[in-house]
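Undergrad: Starting off with a structure, shown below.
Readers should treat all values here as calculations from the given coordinates under stated rules, not as data from a laboratory. None of these values were measured; they are calculated from a predicted model. Here the Cβ is made from the backbone with ideal geometry for all residues, glycine too, and neighbour counts use every protein chain on show.
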6 protein chains.
Amino acid sequence: MRYDFFIVAAHPDDAEVQMGGTIAKLTRAGQRALIIDLCDGEPADYAPAGVRRQQAMRAAQILGADRLLLDQQDRFITDNISTRLTVARLIRQHRPRMIFATTEACIHPDHAAVKSLIAAAVFYARLKNWNRVPGGESLADTEPWEIQRLFYPHCKMEPAWGDFAFAVDVSETYPLKKQALAEYKSLFQVDEGDQLLELYEAEDAHMGRLFGLAYAEVFKSHSPLLVTDPTVFLPALHG
Amino acid sequence: MRYDFFIVAAHPDDAEVQMGGTIAKLTRAGQRALIIDLCDGEPADYAPAGVRRQQAMRAAQILGADRLLLDQQDRFITDNISTRLTVARLIRQHRPRMIFATTEACIHPDHAAVKSLIAAAVFYARLKNWNRVPGGESLADTEPWEIQRLFYPHCKMEPAWGDFAFAVDVSETYPLKKQALAEYKSLFQVDEGDQLLELYEAEDAHMGRLFGLAYAEVFKSHSPLLVTDPTVFLPALHG
Amino acid sequence: MRYDFFIVAAHPDDAEVQMGGTIAKLTRAGQRALIIDLCDGEPADYAPAGVRRQQAMRAAQILGADRLLLDQQDRFITDNISTRLTVARLIRQHRPRMIFATTEACIHPDHAAVKSLIAAAVFYARLKNWNRVPGGESLADTEPWEIQRLFYPHCKMEPAWGDFAFAVDVSETYPLKKQALAEYKSLFQVDEGDQLLELYEAEDAHMGRLFGLAYAEVFKSHSPLLVTDPTVFLPALHG
Amino acid sequence: MRYDFFIVAAHPDDAEVQMGGTIAKLTRAGQRALIIDLCDGEPADYAPAGVRRQQAMRAAQILGADRLLLDQQDRFITDNISTRLTVARLIRQHRPRMIFATTEACIHPDHAAVKSLIAAAVFYARLKNWNRVPGGESLADTEPWEIQRLFYPHCKMEPAWGDFAFAVDVSETYPLKKQALAEYKSLFQVDEGDQLLELYEAEDAHMGRLFGLAYAEVFKSHSPLLVTDPTVFLPALHG
Amino acid sequence: MRYDFFIVAAHPDDAEVQMGGTIAKLTRAGQRALIIDLCDGEPADYAPAGVRRQQAMRAAQILGADRLLLDQQDRFITDNISTRLTVARLIRQHRPRMIFATTEACIHPDHAAVKSLIAAAVFYARLKNWNRVPGGESLADTEPWEIQRLFYPHCKMEPAWGDFAFAVDVSETYPLKKQALAEYKSLFQVDEGDQLLELYEAEDAHMGRLFGLAYAEVFKSHSPLLVTDPTVFLPALHG
Amino acid sequence: MRYDFFIVAAHPDDAEVQMGGTIAKLTRAGQRALIIDLCDGEPADYAPAGVRRQQAMRAAQILGADRLLLDQQDRFITDNISTRLTVARLIRQHRPRMIFATTEACIHPDHAAVKSLIAAAVFYARLKNWNRVPGGESLADTEPWEIQRLFYPHCKMEPAWGDFAFAVDVSETYPLKKQALAEYKSLFQVDEGDQLLELYEAEDAHMGRLFGLAYAEVFKSHSPLLVTDPTVFLPALHG
């Protein structure tokens, strides 16, 4: 099965926090999405083992995405060749045009491991001749696939971004994002006003208000942006 | 009369928007504040001439500050020697320890003129021998005064700052800031939800949430920061 | 008459050099363009007075744009209130959605004056009540107009940009750009291989090759970019 | 026993070089300090095994700090999970409010390993449920602890910093810093004028002179700074 | 045998792409060069095993350099202590004054591993007492050697550099660079116009045209540049 | 008469402070230097009118340079067309290969005016046809001249530079720099230890120690640096 885009993040809930509004917006426009979490997020703060996975599955469903949880250990996630190959194989199988990953993370070591891991997986996915690479044989029975773009949503536990590549208006799908995040009662004190949830919404509201919108999510890009022409950009508050 | 600090901004309402919470916090701690607006803000969008000045005076009172409106023309504010001397003379007369001004403004030309103007005024204020400078005689009958620090609050019409020198917790005085801004019915559609007021509050809330607080205002500094020791800094969310 | 976009540059030929391919691409897609040069470019190196204006008119025609030459003096262009008002009036009359101007110029003083001048004109254009502003009466009989976006093409006499907001594929219209530039025989030694023309083409070719294209032109933006969703971006070489 | 702050550095002498003056200033104000070196610094250039450890202990005593040497191998220091857990356990046991570590190091690979290692240890220290993390059991019998601030002194073998978060006036305790460094005769040719010692003092003197002081030490911060109000900042030379 | 400089790169062809013109320029001036590739570049896209090595040897010969291929596995190159020691040993044996390596690479994981690996090798090479370091004995029978400068050519698969430390005019030796690259028919579709080869030449031409030259190669430096006096710098287009 | 290089600065003493060691080094190597001060530095703090000019002349002589004082008013220096033309005329008359000016100044408004002023003068100097430019006739009787490089020494009243283009070893000529500065008793309390003189020397010592030298002066460049080959660079402390 083909997916139009992947979101690869460290833990179940990271994809939602970083870009839940954009995921829902794209899936409602007919794009097929796969969320890949590098671990199952255990142990969770407020629930026994297994609950967070169920919440993650429901959250993905709310956003219209499929979800896959890989088997790295929460808190000990690293950029290693085995996981690079696993993700590369998923890319070759599902042939997404876009991938979203985490960048510039310095607070949580799991987040910090994602960028180089996914950049490597993206690069591996497009290479040929894996049958001739000792240790790389798991890619040998899939065809090379080159994605079109790799983007990075903001990881909201990290310092705020003043400078980003682009923002996406997520005002319409923001209720879905909040609904998805509300599933994670293993993580957030949803009903009592969790400090982190308040930070996340405050950032999305601030980014939105920069454009006169209710909510926006912001993204960086390693490679420069290319457009057909500048009319694809929506209005900013003062130009 | 001595003031402990000046806030110099282009128009009546800029000081409030940029750092109303910090002004109120400092004045409630006993510091004497003078807001200097470079013009009277006429013409205002929603009121006849003169109303904005009255609103500005009430807003300053709410924040516990005195206020002075200079006579540059709104929309045509420039960095010129005459205004440099006027502000320098005020500095020498009132001997503030801190001055707050506007920096990095590119949207509104009036805001863009403030930084070099105030930096020059600060420098002029500390120089001797103005009686020997043709055109600088207006400073000759005042004594040199060297301020301790020049800081720059964020001008919220300009792009967001990801990187700033420091933030001030203004959660307690934020109601005063909102009350002061609500005075400016010549400028904002206060009762119907003005787009700019929403942006301003969204930014202050986001900056606050970065520290687990309700509201914070952020500042840059041209010169580096010096502290007695690092224990003066309050906790951040994850260190 | 309405124009869809303006290009404001210091001299006749700057608009072509900076973004001739993008102008032609937009006009061929039906957008109406007005090039505004702040001066007539006299004296030109290789022709008597008046020739450069004729060349500029032909070059604009090749790109499908109208052209207006203002009356500042080449070499002495400044950001002044009179020219701000002139450009603001043109904005209010022709109501463009996008404006392109020059930024980050340090080599040629005329280029350096453009950014603040046009930012001010854009801001003036959206303000009301000019009849109540002494010196601003020339805007009083036009209606406020707020543009959607202000972008900055690269001024190729200035240092190269490693970091820019976005690029536009101009491979198809590049022959028109070269044809337009070839008109300027008052400026470039077109037939003998002018050093500057070679620099300009080398930059466009390099920017294009970053995306596997023949030619691209690159742009910065003061305000952040907003898009409907990230699928508007075209592929980069390695994602 | 509680410590008020930790300094974690690669080798014995790094803590002194980077922030010896600040350590002494804080301990003389009654704060309890623990210096943690990731290795014992063997082999040293000018002494047999074991001497450097003794020198380090005397240097710490001069600065009023306790000291702990971990067992990584000098020259081969890495960010690994075992050391993350060791440092996290020390944080949970001793509950410091501040931690100082090394950042932006590119010359010495040992220094380069510190930043991500300590950021991870700080994050691990605040997490719950380590009994449910395979491989993380060593933290299970200690309570979570969240530090208030993580700061980074300048590693003086690395390029100079023009931009830093804040400086600390260490003029008064600088003799103690020099006395502590003079202990390291296994490392520096103290009596003949060691090139590195001269660099270290020249940097501290330059940073001090920026504020009209004899000596200052400078620090960066990953998270933004928060203060009660801007009056905590001491005067700069020209504001 | 002494070499005057090393170029250390991930794969056979990287050294040529990044700085083939500079290598040829230096060797023609009598400097002895050694290219060290961290792997043999297998599997290559368009040739059976072993061909790329032969091409690499011929390419080095064209540039006047010797070449050594280390035994890491292409696609899986890492910064590890064993390779650090191998390169450090080569530095101590051949005593180069300059080393060139790869920096700021984010697209290809092999390139990304080079910077910290070579910085560590450079540092190891200057240290004494390796006989007392468990695991470092392979350096014990060579004398310490301190290089003079470590520079980084641009890795052209990565984003363009607007800002670099210096450029080298390679117009005269560019035919040799192209001839060397043309050897790599295992990698590039040389005769049909390979997209990457076109990117590489477009970048070198653009960098050259910034100075009015046919071709230039650009470099960064971790440590600041020191010169006898500023007359060593060649003219720029507009100063 | 031809000069090999100009130093253009705001006040008498700025050239010495910023790059006195480099001036002396170049003149002792046979290069002819002209220092151009934009004003005469009156009023000086500690001397009657006219003394500073005499001190400036003696200081220039110590450094082996000629000196010219222009007639702008200290404290009110601006970038204006008349002074641009004056400096451009000097460039055309004396045909220097290098010019040094002041950049990135924000503390002293006079310093802040220099960069755009000199960049414009450099550009004017190379243009033809000034007889056809109303107001530019003063350049009509001199031939165009294009300098080779424009560099910017650090203005030591401004924030320290962590990042600069290159440093010059001035250890040998530093006594001449100190001797030249000691002339300025109208400005500095030379004998009692002036705070600013101490800052200036501390910076030069720190910059020197970065390379294991006694003193160095540092420079930025607007245009990128070009060298024949990388061997022109002297050793750094750790490569």
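Undergrad: Could you size up the charge dipole of segment C:57-163 around its Cα centre, putting +1 on the beta carbon of Lys and Arg and -1 on that of Asp and Glu, and report it in debye to the nearest 20?
TA: 300
Undergrad: When the convex hull of the C-alpha atoms of segment D:6-81 is computed, what volume per residue in Å³ does it have?
TA: Residue-normalised Cα hull volume stands at 86 Å³.
Undergrad: Return A:V218, B:V87 ranked ascending by Cβ neighbour count within 10 Å, so the fewest neighbours appear first.
TA: With the fewest neighbours first, A:V218, B:V87 line up as B:V87, A:V218.
Undergrad: How many times 2.2 N^0.38 Å is the alpha carbon radius of gyration of segment C:160-239?
TA: 1.29
Undergrad: For C:T142, C:T86, E:T173, what ranking results if the residue with the fewest other Cβ atoms within 10 Å of its Cβ goes first?
TA: So the residues, fewest neighbours to most, are C:T142, C:T86, E:T173.
Undergrad: How much net charge surrounds B:A180 when only other residues with a Cβ under 10 Å from its Cβ are counted (Lys, Arg +1; Asp, Glu -1)?
TA: My count for the surroundings of B:A180 gives 0.
Undergrad: Summing +1 for each Lys or Arg and -1 for each Asp or Glu, what net charge is found among the other residues whose Cβ lies under 10 Å from the Cβ of E:E104?
TA: So the surrounding residues net to +1.
Undergrad: Something else about it: Cut-off 10 angstrom, C-alpha nodes, Gaussian network model of chain C. Which of C:V114, C:V227, C:V190 fluctuates the most?
TA: Per the Cα network of chain C with a 10 Å cutoff, C:V227 tops the list.
Undergrad: Related question: Of the cross-linked pairs B:K220/E:K220; A:K156/A:K178; A:K115/E:K115; E:K156/E:K178; A:K128/E:K178; B:K128/F:K115, which ones have a Cα-Cα span greater than 20 Å in the structure shown?
TA: Too far apart for the 20 Å limit: B:K220/E:K220; A:K128/E:K178; B:K128/F:K115.
Undergrad: Copy-to-copy spacing for A:Q61, label 7 Å out on the Cα-to-C-beta vector, in nm, shortest first?
TA: Reported distances to equivalent positions: 6.1, 6.8, 6.8, 6.8, 9.3 nm.
Undergrad: Could you work out, residue by residue across C:216-224, how many beta carbons of other chains sit within 10 Å of that residue's beta carbon, and then give the average as an integer?
TA: 6
Undergrad: Which residue is it, in chain F, whose C-beta lies closest to the F-to-A rotation axis, and what is that distance in whole Å?
TA: Taking Cβ atoms only, the nearest residue and its distance are F:D163, 9.
Undergrad: Find the Rg to Rh ratio for the protein assembly as shown, where Rh is the Kirkwood radius over alpha-carbon pairs and Rg uses the same atoms.
TA: Expressed as Rg/Rh, it is 0.94.
Undergrad: What nm distances, shortest first, do you get from the label point of E:S138 to those in the other copies when the point sits 7 angstrom along Cα to Cβ?
TA: Values, ascending and in nm: 2.8, 2.8, 7.0, 7.5, 7.5.
Undergrad: If you count, for every residue in A:9-21, the Cβ atoms of partner chains within 10 Å of its Cβ, what is the mean?
TA: 0
Undergrad: Rounded to the nearest Å, what's the spacing between the alpha carbon centres of segment D:36-54 and segment C:137-161? Just the number, please.
TA: Rounded to whole Å, the Cα centres lie 63 Å apart.
Undergrad: For the residues F:I36, B:I91, what sequence is obtained by ranking on other C-beta atoms within 10 Å, fewest first?
TA: Fewest-to-most ranking of F:I36, B:I91: F:I36, B:I91.
Undergrad: To continue, here is another question. How many angstrom lie between the C-alpha centres of segment B:70-101 and segment A:72-104?
TA: Taking the Cα centre of each part, segment B:70-101 and segment A:72-104 sit 57 Å apart.
Undergrad: Treating segment C:106-239 as a set of equal point scatterers at the Cα positions, no solvent, please give the Debye-formula log₁₀ I(q)/I(0) at q = 0.09, 0.17 Å⁻¹.
TA: The Debye formula, applied to the Cα set alone, gives -0.41, -1.07.
Undergrad: If you average the sequence gap of Cα pairs under 8 Å that are 6 or more apart and divide by the length of chain B, what percent do you get for the contact order?
TA: Once normalised by length, the contact order is 24 percent.
Undergrad: Lys and Arg at +1, Asp and Glu at -1: add these up for the other residues within a Cβ distance under 11 Å of E:F219 and post the number.
TA: With Lys, Arg at +1 and Asp, Glu at -1, the neighbours total 0.
Undergrad: Calculated from DSSP H runs of 4 or more alone, at -39500 (n - 2.57) each and per residue, what is the 222 nm mean residue ellipticity of chain F, nearest 500?
TA: That comes out to -10500 deg cm²/dmol.
Undergrad: When chain D is treated as a GNM, springs tying every alpha-carbon pair under 10 Å, which of D:G50, D:G21, D:G41 comes out with the largest mean-square fluctuation?
TA: Among D:G50, D:G21, D:G41, the largest GNM mean-square fluctuation belongs to D:G50.
Undergrad: Hey, what's the Cα Rg ratio for chain C versus the globular rule of thumb, 2.2 N^0.38 Å?
TA: After normalising by residue count via 2.2 N^0.38 Å, the value is 1.00.
Undergrad: Limiting things to C-alpha atoms, what are the Rg and the maximum Cα-Cα separation (Dmax) for segment F:25-144, in angstroms?
TA: 15.4, 47
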